[in-house]
Structures are given as C-alpha cells and as structure tokens.
Amino acid sequence: MKKITLLFMLLFALACKQKGQSPQVQIALVNNNKSLQIRGMSYLILKEIAADTGKHWETLFAVYRMPAETDLKDDQPLQPGKYLLQDSTLVFTPDTPFVKDQPYFLRYYKYGDNSNVWDFVRGKKRPGKMRFTDLIFKQ
C-alpha cells in the first residue's frame, strides 16, 4: 500500500509541476446532482493512474461530508463511492446519494506546490504535512 501511495504522489507531482503551479481543479455536480465531476488534471496522467490501479482515486481526490462543527473536518470518514474516468474528467458517484442542502467537500493535495519529486522520495514532504485545498459543494 505504501508503494502505491508513493507512486500516486510521484505521478501527481509530475503532473502538477507545470511552471511551479498546482493544477486548477474544478468541480461541478452532474447527473441531476447525483455525481461530482472533477476537472483540471492532465488526461495523460489520469489515464496512466487509471491503468495502474484504478481503485485508489480517493488518495488523490477524497470526498467527505462536511460536519456541523467545521473544526472536525480532518476527522471525517471518506464518502464511499465509485470513481470513473471519462475523457479528461473524473466522475465520483457516492454509494448513497448526496443529501440536499448538506455540504460536502473534495480535498486534493498540492503535491507539486513549490517542491519537486525528490522531496517526496527523500521524505522531506509527507502526505500529512502537505498543503491541500478543500472545494466545498452541496446539492
């Protein structure tokens, strides 16, 4: 499992390393608000990851239910569901439908932000210590 996570981080860091900037990930609810569309990543990198594992998308793009007490965001369990790659778009469909007016958030880590792949290999950057962005959405 550690090797798979490291592989994800390395591939993601390479994809993000475009002139020192992180990708602009964008989200939108689709399929009558039943699925979350995730865009902004390189299709070639997404396709490579899908070919390698296809099962561990949540390590790159994790979806969570927003708690009433937002200080507890980091302690939330993953929203279970399925990820499907469609062209250059990743689509997340939860196992149970999104609840109307309930906020959720997509967390993605900025693996390529002001660092390089070797920072991850050498252990200078760790998943729990990396910067991330939370994109909030609700039905």
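The values are calculated or read from the model by the stated rules, or taken from the named source; none is laboratory data. None of the values given here were measured: they were computed from a predicted structure. Please note: Cβ atoms are built from the backbone with ideal geometry, for glycine as well, and neighbour counts cover all protein chains shown.
Per-structure values
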| item | result |
| --- | --- |
| Selection within segment 55-87 - aromatic (Phe, Trp, Tyr) and in a strand (DSSP E or B) | PHE61, TYR64, TYR83 |
| Top-ranked residue in segment 98-125 [being among the aromatic types (Phe, Trp, Tyr) and at pLDDT below 90; ranked as surrounded by the most Cβ atoms within 10 Å (Cβ to Cβ)] | TYR111 |
| Residue selected from segment 55-75 under the condition of a type outside the set (Val, Ile, Thr) and touching a residue at least 40 places away in the same chain (Cβ under 8 Å), by the criterion surrounded by the most Cβ atoms within 10 Å (Cβ to Cβ) | LEU60 |
| Matching entry among ASP95, ASP52 (being over 18 Å from ILE136 (Cβ atoms), more than 16 Å from the chain's Cα centre (by Cα) and surrounded by 13 or more Cβ atoms within 10 Å (Cβ to Cβ)) | ASP52 |
